[in-house]
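Input: a single structure, listed below in structure tokens.
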Amino acid sequence: MNCSLPDRVLLSFTVFPVLFSFTAYMAFCLPYIALDFLSTRLPNLRKYKIQPQNYPTLGMMVPCFIQSVYHHVVWIFPVTFLHWYWKPTNLPVIAPELPQVLLQVGVCLLLFDFEYFLWHLLHHRVPWLYKTIHKVHHKHVSTFALTTQYSSVWELLSLGLFAAINPFLLGCHPLTEMIFFLVNIWLSVEDHSGYDLPWSTHRLVPFGWYGGAPHHDLHHLKFKSNYAPYFTHWDRLFGTYTESHPN
């Protein structure tokens, strides 16, 4: 499949990755924000809330939104510009085949999951790292969608590095890289959504291989388990896995 010239020009535009990332993030957050307001009034929706006694207020959401905008403008855009200046994006004329895309996105997710597990475990085991870098992200014991990127700039840049380095190492096509970024952002938002919905990812993946929102929500509640962001195998191997969420 060929990539059109307008597509190649758009993807090569300096600010496109930043706008793409922030727009995708907010688009994925909005349904959960609406759900937060609706489920306080509708019992049929409230039953899917993992911590039904805790609901985010507008006063909790706004600082998260402001911090995300600040990080994208002050930090992510300059870093993206420097990367573009060092290595401009050239979109190949030929798009990748679907099997290749699926395989590489899957491998990127597995690598990111491993990298973040080690980073996360280290930042909980070393008090200075937790206090200096990771503590900000644990301000909210009951998570909601906009807490996904509520973190220190060093944490955000670390995760951004993990997300960027894997497609580079695998030699992914820029379109494959974009798809991976989209999937990664979606899964991160879903993890922090605070909802266990019938169509949630962990319900679609068999054998308990994927933890999902209940897995990560428990980490924010108890702090000392479930360090991997997505899959459960690393927590099981390291003895840090906790299965059920307390009522």
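The values are calculated or read from the model by the stated rules, or taken from the named source; none is laboratory data. All figures in this text were calculated on a predicted structure; none of them were measured in a lab. Cβ: placed from backbone, ideal geometry, glycine included. Neighbour counts: every protein chain shown.
Couple of notes before you dig in:
- Residues of the range 41-74 that are among the aliphatic types (A, V, I, L, M) and either crowded, with 18+ Cβ neighbours inside 10 Å or closer than 30 Å to residue 19 by Cα (or both): 50, 58, 60, 61, 62, 66, 69, 73, 74.
- Residues of the range 4-29 classified as modelled with pLDDT of 90 or more and surrounded by 12 or more Cβ atoms within 10 Å (Cβ to Cβ), total: 7
- Of all residues making up the range 95-133, the number that are part of a helix (DSSP H, G or I) and either in contact (Cβ under 8 Å) with a residue 60 or more places away in the chain or in contact with a Pro (Cβ under 7 Å, 6 or more places away or on another chain) (or both): 16
- Residue in the range 188-199 that is closer than 18 Å to residue 107 by Cα and among the β-branched types (Val, Ile, Thr) present: no
- Test: residue 189 is touching a residue at least 60 places away in the same chain (Cβ under 8 Å), under 21 Å from residue 215 (Cβ atoms) and among the β-branched types (Val, Ile, Thr): yes
- Residue selected from the range 143-189 under the condition outside any helix (DSSP H, G or I) and touching a helix residue (DSSP H, G or I) at 6+ places or on another chain (Cβ under 7 Å), by the criterion surrounded by the fewest Cβ atoms within 10 Å (Cβ to Cβ): 152
- Taken as a whole, the structure leaves residue 104 outside the set of residues that are surrounded by 15 or more Cβ atoms within 10 Å (Cβ to Cβ), closer than 26 Å to residue 39 by Cβ and at pLDDT 95 or above.
- Answer residue from the range 32-54, given it is touching a residue at least 40 places away in the same chain (Cβ under 8 Å) and of a type outside the set (S, T, N, Q) and is farthest from residue 156 (Cα to Cα) among those: 48
- Residue 211 being under 18 Å from the mean Cα position of the chain (by Cα), among the small types (Gly, Ala, Ser) and either at pLDDT 95 or above or surrounded by fewer than 18 Cβ atoms within 10 Å (Cβ to Cβ) (or both): yes
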